[in-house]
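A.B. asks: Questions regarding the structure given below will be posed in turn.
Read the figures in this text as sums done on the coordinates, not as results from a lab. Keep in mind that what you see is a predicted model, and the values were worked out from it rather than measured. Here Cβ is always computed from backbone atoms with ideal geometry, including for glycine, and neighbour counts include all displayed protein chains.
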Amino acid sequence: MEIPESKMENIIKISNTAAKKLGLSRINFVFSLKKSLGEDVNVNYRKVHDGKVWIEIGPKALKPFGKKDVYHEMMHVKDALEKNLDFSDNLKGETLRMKIIASIVLNFSVDGRLDKMKLPHIGKNERLKITADFLSKKGVKTSRTETRRILKKLWGKNLKKKEVLLSARRLNSVFF
């Protein structure tokens, strides 16, 4: 299963522009379709310091995957390079739940910073809805008001790893 040529051309064009704007021009981005991801997107940073990053897109995520998604994923790459915020391997010993919550925290930071930079991003209300839907699918019940309050405070914060984990633990305390 491959990404259709016209879609791939569009993604490459967007990624080249985004890479320049985010200072990632030296990185070679490889986009691929990964059936097992369904509606998710995965960024493989393992070779980021060698200049290569794979962005795998699930088939259900491909159709809506566009400019704001490319910028979002590339901002994660920038964080991995500049702040060692690659949580794909760095949360050894943490539960899957904490890894998921840490990624939620990072998503609010990433999209908020893109917003402040006036670059394409997933808006705050859309990000809140995506998060609520995701948590619901995972069977996580939350104090909706408290969750929204915490997440809104994270919008656009330039977080270090320690702050991400602290915020994730705080957010975990309102999940039940």
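A.B. asks: Pull up all non-local amide H partners of Phe31: gap of 5 or more, or a different chain, and H-to-H distance under 5 Å with H placed in the peptide plane.
C.D. replies: Sorted by chain and number, the residues that satisfy this are Ile55.
A.B. asks: Sticking with this one: How much net charge surrounds Ile101 when only other residues with a Cβ under 10 Å from its Cβ are counted (Lys, Arg +1; Asp, Glu -1)?
C.D. replies: Cβ neighbours under 10 Å give a net charge of +3.
A.B. asks: Could I ask something else about it? Given Cα pairs under 8 Å that are at least 6 residues apart, what percent is the relative contact order of the chain?
C.D. replies: Worked out over the chain, it gives 18 percent.
A.B. asks: Where in region 23-66 are there trypsin sites (Lys or Arg not before Pro) that are in a DSSP coil and have at most 16 other Cβ atoms within 10 angstrom of their Cβ?
C.D. replies: Passing both the DSSP loop test and the Cβ count: Arg26, Arg46, Lys47.
A.B. asks: Modelling each spin label as a point 7 Å along the Cα-to-Cβ direction, I'd like the Ser36/Val174 distance in nm, to one decimal.
C.D. replies: About 3.4 nm separates the two model spin labels.
A.B. asks: So what does the Cα-only Debye profile of the chain read at q = 0.10, 0.13, 0.14 Å⁻¹, as log10 I(q)/I(0), no solvent term?
C.D. replies: -0.37, -0.65, -0.75
A.B. asks: Could you state, as a whole-number percent, how many of the C-alpha pairs of region 96-172 are farther apart than 13 Å?
C.D. replies: Of the Cα pairs, 64 percent sit more than 13 Å apart.
A.B. asks: Within 10 Å of each residue's Cβ, count the other Cβ atoms and sort Asp79, Asp115, Asp40 from fewest upward.
C.D. replies: By the 10 Å Cβ count, ascending, the order reads Asp40, Asp115, Asp79.
A.B. asks: When a/c reaches 1.5 or more, the comparison of a/b and b/c decides; with that in mind, is region 5-66 rounded, prolate or oblate per its Cα gyration tensor?
C.D. replies: Because a/c hits 1.5 or more and a/b fails to exceed b/c, region 5-66 counts as oblate.
A.B. asks: Counting alpha carbon pairs within less than 8 Å and at least 6 residues apart, what relative contact order, in whole percent, applies to region 5-66?
C.D. replies: Worked out over region 5-66, it gives 32 percent.
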